[in-house]
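J.: Submitted below is the structure of interest, expressed as structure tokens.
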Amino acid sequence: MRVEPPPPPTPRPGGGGDGGSPPISGSTRLARPGGGARLWLWAASLGVYAFLYLPLAVVVLFSFNDSVLNAEWVGFTTRWYDRLLHDGDMLQAAANSLLIAMVSSSVATLLGAMAGIAMQRYRPRLLPFLALTPVAMPEILLGVSLLLFFRQVLDLTLGLTSILIAHVTFSIGFVAVIVRSRLAGMDESIFEAARDLGATPWATFRRITLPLILPALAAGFLMAFTLSIDDFVITFFVAGVGVVTLPLQIYSMIKVAVTPEVNAVSTLLMLLTLSVVILAARFAPDTLKAKA
Amino acid sequence: MTSARRRFWCISNLNSGKLARWAVTLPPSLFLVVFFLLPALIVVAASLREPGEFGGLAPLFVDGAFTHALTLDSYRFFFGDTIYLEIFVKSFFIALLTTLICIALAYPLAWLIARSPKRRRDLLVLLVILPFASNLLIRVYAWILLLGPLNLLYTPVAVVAGMVYVHLPFMVLPLYTNLEKHDPALLEAAQDLGAGTWTRFWRVTFPLSLPGIFSGSALVFIPVLGMFAIPELLGGTGDLMIGNLIKEQFLDNRDWPFGATLSLLLTVAVLLCAGLATLAAKKSFKGTEAVT
């Protein structure tokens, strides 16, 4: 285990730079080991950032590589993207994923907003547990329990419906958290004022609450959208054989063989989720933290 | 307003207020009871059933008669052969190793972010979360590309690398949230009392950051324990984890009662870990309260 030596409490420019080696010493009183520790911290952090980005960069890079092998750079090409556009299975999977994401995130936004409002305003005892546990537990457990439920209890043929229900189930909690944190940041007195002026709960909701939580709803919808379009584990259990989503298609491709087409579809999917997440963060800055 | 009228308003407000309360609480609660709580309970029941002749569970109705025979066979099967316990122990070990590496990697990064100027902090946090916004499979696939040429693919090293890569942000964020709150005056006081950089870290910062470490550890440890995609795609045949066992029972072997038993045992393990982490975080938080 590596533990980095700490920097001094306050940044002191121009301290004794000792070439980046960790200043492990019983330094004398009032010593200023400024530069060394800071440099070390920066170097370690840059290393971790590189660790985070390098693998994805390789995927993007090789999606433009003019070689079937993902081993060395041969030359620039867009033919893998071209092939994607003519891959019927892939296009069908993308269409399925988009449809499922649109429908499930709409339903999840509606139910999640209700849950968020309820949790903030009425403090129900059971609802937070119901909404947040599916988020906190290993995904495989939700997938397996829904599979059992759909097949043994409802006797439902697995497909679009089962995937939609599963996606709504794990998205509600995310939307609820985003909506609740938006409401928590607001002054309760405006709702009281509306009530005192004789507004019915519905009028208070439509004229005051709804406009105020609109950004949170947008962020929640977008977040639920990315969760749905990205989900692999739970979908894997409840999809059955008929309906293939984009992650399922990628999974079966990786299992068979690593082709540059996977790089291309991965790059496109990354681009999509990235832009949606950044858009969501614009609506509600805390959204990203809610996801993590 | 006369007092009678005022009373009328209060009562009607109370009633419509109650209506509003149920209108937002009931729909999400109902949905989650049906599609989360009920399926979770059915896993318990399924673990006590006989496997069906053609997969799934034994039918509840045989020749028109209701059979409710329950059996502990699946549990006997689990404890009757050490290979299942061995896989559980190995999964715990991998989850522990992943958590420790995540702590080591996340610490310098969380620290750097916490000590950066406020306007730069959001950007640095965003940079940690962004790769996390891409699909799980893509992030795993990236490691197939990276480790393939190094001859490390299908080894335990590859599994741990993939696990750390996928779960690192879960550790950085709680740790950063904790470190950000530290009062720099404490470190200055320690320095004034003659503590060196190293001593200041181990005696002041590290103990104060324990609550962050514990909550981050729970967020890493729990999902790693149930992961099946990473060992399946990056590990060899000897690197199977609990998640792979469960997936095998539900999709390949079709012994659903045994799969349900494994899921239930995983749930118990997860609950124990979550409970321990909460307890540890609370205890260490109380400890830090005493310091500050």
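J.: Of A:279, A:219, A:183, which is farthest towards the positive pole of region A:81-291's charge dipole, taken about the Cα centre with +1 and -1 on the beta-carbons of Lys, Arg and Asp, Glu respectively?
T.: A:183
J.: Calculate the length of the line joining the C-alpha centroid of region A:145-186 to that of region B:182-202, in whole Å.
T.: 48 Å
J.: Sum up the charges of everything whose Cβ sits under 11 Å from the Cβ of residue B:257, counting Lys and Arg as +1 and Asp and Glu as -1, but leave residue B:257 out.
T.: Value of the local net charge: -1.
J.: Net charge within 12 Å of residue A:86 by Cβ-Cβ distance, Lys/Arg positive one each and Asp/Glu negative one each, not counting residue A:86 itself?
T.: -2
J.: Would you mind ranking B:91, B:263 by Cβ crowding within 10 Å, fewest neighbours first?
T.: The most exposed by this proxy come first: B:91, B:263.
J.: Evaluate region A:81-291: find the radius of gyration of its Cα atoms, find its Kirkwood radius, and give the ratio Rg to Rh.
T.: So for region A:81-291, dividing Rg by the Kirkwood Rh gives 1.04.
J.: Then there is this: If you take every residue apart from residue A:211 with its C-beta less than 15 Å away from the C-beta of residue A:211, what net charge results, scoring Lys and Arg +1 and Asp and Glu -1?
T.: In short, +2.
J.: Please return the longest range in chain A lying between exposed loop sites, taking trypsin sites (Lys or Arg not before Pro), DSSP loop only, at most 12 other beta-carbon atoms within 10 Å, and leaving the sites out.
T.: A:126-292
J.: So what are the ³J(HN,Hα) numbers for region A:153-161, from phi and the Karplus equation (6.51, -1.76, 1.60; θ = phi - 60°), rounded to whole Hz, Gly and Pro as x?
T.: 9, 7, 6, 8, 6, 5, x, 3, 4
J.: If we count GluC sites (Glu not before Pro) as exposed when they sit in a DSSP loop and have at most 13 other beta carbons within 10 Å, what is the longest stretch of chain A that avoids them all?
T.: Segment A:73-187 is the longest.
J.: How big is chain B on each of its three principal axes, counting only the C-alpha atoms and giving the largest first in Å?
T.: 85, 83, 35
J.: Given a cut-off of under 8 Å on Cα pairs at least six residues apart, what relative contact order in percent is computed for chain B?
T.: Once normalised by length, the contact order is 25 percent.
J.: With all distinct Cα pairs included, what does the Kirkwood hydrodynamic radius of the protein assembly as shown come out to in Å, to one decimal, could you say?
T.: 26.2 Å
J.: If you don't mind, another one. Provide, for chain B, the number of lysine pairs with alpha carbons under 26 Å apart, each pair being eight or more places apart or on different chains.
T.: Within chain B, the lysine pair count is 5.
J.: Give me A:102, B:241, A:270 sorted ascending by neighbouring Cβ count inside 10 Å, so fewest comes first.
T.: A:102, A:270, B:241
Readers should treat all values here as calculations from the given coordinates under stated rules, not as data from a laboratory. All figures in this text were calculated on a predicted structure; none of them were measured in a lab. All Cβ positions, glycine included, derive from the backbone under ideal geometry; neighbour counts span all protein chains shown.
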